[in-house]
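Please treat every number below as a calculation from the coordinates, not as lab data. Not measured: the values here are computed from a predicted model. Every residue, glycine as well, gets a Cβ built from its backbone with ideal geometry; the counts of neighbours run over all protein chains shown.
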Amino acid sequence: MLTDKHVVVIGGDARQLEIIRKLSTLDAKISMVGFDQLNDGFIGASKHTLEDIEWSSVDAILLPVSGTSTDGNIETVFSNESLILKVEHLQKTPKHCVIYSGISNNYLDQCVEKAERSLVKLMERDDVAIYNSIPTAEGTVMMAIQHTDITIHRAKVAVLGLGRVGMSVARTFSALGAEVKVGANESHQLARITEMGLKPFHTDHIKEELKDVDLCINTIPARVITANVLAEMPLHTLIIDLASKPGGTDFRYAEKRGMKALLAPGLPGIVAPKTAGQILADVLAGLLTTETKK
Ligand code: NAP
């Protein structure tokens, strides 16, 4: 239980509501900032502004998955107010206060460092990334269905990268009956692809390997689908680029060649905000409970 823990939730989207629900069940005291347009009431949660928070009693601060912008602005879909996180806010918290965010940037890193507090980047955790790969794979299936006129079953699909997302995506498309090949650059990954019953290829040979695919799904956060590679691909190939912005595709050249290439960020929050929120809520509840036991 999180009895007597004071958690400040600042901004966010529907995912934050799942987190608030979970923390409220665990008996935490929750202060919500940037939720003035939300009508739901949560037991143990009250609405505040950044100015009226009692910072000296705060044990944890939860920021949205996006963290802050490069000038400290925190996005919220439940308010029109502007929310700017400042180092002075963090300095007023007790030394043990931990800041939780999905991702970070220079601004947030600097704020936390200057205030001498600690920051946990939830999206960098293996467990969160693996759980999140499930709604990401489902969202990719949705996009493939929406943007092609063929079935996934028997389609020739190439997945680039065998990380946490690549593995789930490759397995999902294979389970739907697609002919899946996976590109990777490490020998242990090529071995794993073989073990999964899929066709491995080294990304050095990407140009030859993408010559006959109907769908190419990229998860490698580097420019791998270059103009050179695109020039040899069939015109009908759909590219779904899941890698974080700017993706791994030369979108300018793809458009020039008349190919459909889609950058698809943030699929978990789009296709399954409730599940995506529950994933974060479960991991966060575990982390806060462990902190409480220390
Ligand atoms: P990950 O576990 O780090 O996987 C990335 C994979 O790419 C790794 O296997 C890595 O191999 C490989 N790689 C990197 N550079 C390469 C190169 N030049 N050639 C061949 N392979 C290379 O990351 P992840 O969690 O799967 O996430 C992948 C991307 O998807 C990230 O950009 C992430 O932000 C994004 N993402 C998007 C969504 C969405 O909704 N669109 C959702 C979740 C994540 P090594 O391990 O050998 O480096």
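Numerical summary
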quantity	calculated
Mean-position separation - Cα centroids, the stretch 25-59 and the stretch 243-277, in angstrom	34
For Phe35, net neighbour charge (Lys/Arg +1, Asp/Glu -1) across residues whose Cβ lies under 12 Å away	-3
Positive-pole candidate from Val98, Met233, Ala285, dipole of the chain, charges at beta carbon	Met233
Set of lysines near Lys22 by C-alpha distance (under 28 Å), chain-local residues within fewer than 8 positions excluded	Lys5, Lys47, Lys86, Lys92, Lys95, Lys121, Lys274, Lys293, Lys294
Convex hull volume per residue in cubic angstrom - Cα atoms of the stretch 144-294	135
The chain: angle of helix 126-147 to the longest principal axis, Cα-based, in degrees nearest 10	50
Under 23 Å from Lys181, Cα to Cα: lysines that are on another chain or at least 8 residues apart	Lys156, Lys199, Lys207, Lys211, Lys260
Sequence-separation-based contact order of the stretch 1-107, relative, with Cα cut under 8 Å and 6+ spacing, percent	30
Relative exposure of Ser187, Ser118, Ser24, judged by other C-beta atoms within 10 Å (fewest first)	Ser187, Ser118, Ser24
Near-label residues of the stretch 47-83 by backbone N, under 13 Å of a point 7 Å along Cα→Cβ of Asn106	70-72
Burial ordering of Glu186, Glu179, fewest other beta-carbon atoms within 10 Å first	Glu186, Glu179
Most fluctuating residue given options Leu160, Leu263, Leu280, as computed from a GNM of the chain linking Cα atoms under 10 Å	Leu263
Principal-axis tilt of helix 14-25 within the chain, Cα atoms, nearest 10 degrees	50
Kirkwood-Stokes translational diffusion coefficient of the chain, alpha-carbon pairs, 4 °C, 1.567 mPa s, µm²/s	63
Residues Thr148, Thr289 arranged by fewest to most Cβ contacts within 10 Å	Thr289, Thr148
